[in-house]
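Participant: Dumping the structure here so I can ask a few things about it.
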Amino acid sequence: MQRQRVIGGLILLAAILIAALMILFRSEPEEKPAEELIPLVQAAPIEIRSGNLIVAGSGTVRAREELTLAAEVAGKLVYVNPNLREGQRIARGTILFRIDTADYRNAVQTAQADVVSQDVAVQQAREEVSLAKAELARFKRRGAAADKIYASVDENDYAARILPPDQLQTGTEQNASTANNKRQANDLATREPQLKSARASLRRAEARLADAQTALQRTVVRAPFSGVVRTEQIALGSFVQPGQSLGSMVGTADFEAVIPLSEKDAALIPGLWRASGSGSIQASIYSDYGGVRYRWQAYVDRANSVLNPQTRTIDVFLRVPDPMRGGSPAAISENDGKSATASGAPPLFVGSFVEAEINGRALDEYAILPLSALRAGNKIWLVRDGKLRIIAVDIYQRTDTMALISTANLGKSPLVVLGGISGATEGQSVRISKPQSNAKAKPGK
């Protein structure tokens, strides 16, 4: 027992000795400076461009020409074009429907007969005027002698019946009232008023003939322009009244897109208020169909000088010529493996929502900034020599995805911070992360 205690004490003493030696001869730890934490940011170069600014907007397409199909005269429909159906295309001058012409042909024949009758009446009145003037001249010759002024007048003379001898007066004693009565009597004696009345009746008959012919022409209704039938409420054999709506058409020669712009965006378009359909301001219209983006050429037609009371914006009207020809492919969806062709392009649809790009003011330089890089107060964070710089920028235009800004204070080859940090201070050190590749490694066979 005593022996075991001695051995245990020796072991404990040896352990204490070894620990003391290790502490005595231990090496000092290597000192390292404290590592500074530098945030890692995502940054991308800013694209610098020159030329015309692109003023972007969106709006709705509508038809420039739209009319209601209606009859101008009453009658029974005896013909309706089979293509007069909703959605069908109609060429200009095509007969849309025809009204029974029987009553209107009879009205024309009656008016023609009246014209012939009144023409004969005019000829008779003209002959009577010639005869009356001859008789009056003969009467005046008989009364040439002053002392026998009434001697040659007999009861059988035509002029004597118009101007009785006891009413004929000569000389300086004739007063103004007597002269007026004599002048009126002479007009009646020449039968001129009767000729005027006959001519007026002839003109009235000719006007009635023109009205009857016009009504006959209106029994046939033609398409005033090439277009698409929007609605139709018409049936063969039905009786229609003047002004009755039978359908509607929209013209397909031109469409227009109404693009509301803010005052700041509208100010970027030079000559906007002098456009007046001249086509000097070019634009493009974009619409998606089947996952493919299509483009139509357009130009600024006019701008509304009255602000929209709801949105306080300026409506700019873009004219799209020949919208039915189909747009040209502008972009293809990633999921669409087939290439889009113009032959499969759809027409521009009335009522569709479109995006527009309008040529704006020409600048020597401007920058395109991703909208995610724009901070509060129209500021951006730039990376220069590993340091963060906070710059205020002047924004020309802002869209849902980007902003067009001035290049002032951007410097050469600017790098803008897109993300990675939520707050920043001027002069802060940052590191730029390398862009990750989106390509996926293909598994080996």
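Where a number appears in this text, it was derived from the coordinates with a stated rule and is not lab data. All values derive from a computational prediction rather than experimental measurement. No Cβ is skipped: glycine too gets one built from the backbone with ideal geometry, and neighbour counts run over all protein chains shown.
Participant: Within 10 Å, count the other beta carbons around each residue, average over each peptide in 356-364, 240-248, 280-288, and list them highest first.
Facilitator: Values: 356-364: 17.6, 240-248: 15.3, 280-288: 19.1.
Taking the mean over residues of other Cβ atoms within 10 Å, the ranking is 280-288, 356-364, 240-248.
Participant: Residue by residue through the stretch 410-415, which ³J(HN,Hα) values in whole Hz follow from phi under the Karplus form 6.51 cos²θ - 1.76 cosθ + 1.60 (θ = phi - 60°), with glycine and proline marked x?
Facilitator: 7, x, 8, 6, x, 10
Participant: Label points 7 Å out from Cα along the Cβ direction at residue 322 and residue 78: separation in nm?
Facilitator: 4.1
Participant: Anything over 26 Å Cα to Cα? Flag those among 264/434; 264/387; 379/412, in the order listed.
Facilitator: Listed pairs above 26 Å: 264/434; 264/387.
Participant: So which trypsin sites (Lys or Arg not before Pro) in the stretch 12-113 end up in coil per DSSP with only 11 or fewer other C-beta atoms within 10 Å?
Facilitator: The qualifying sites are 26.
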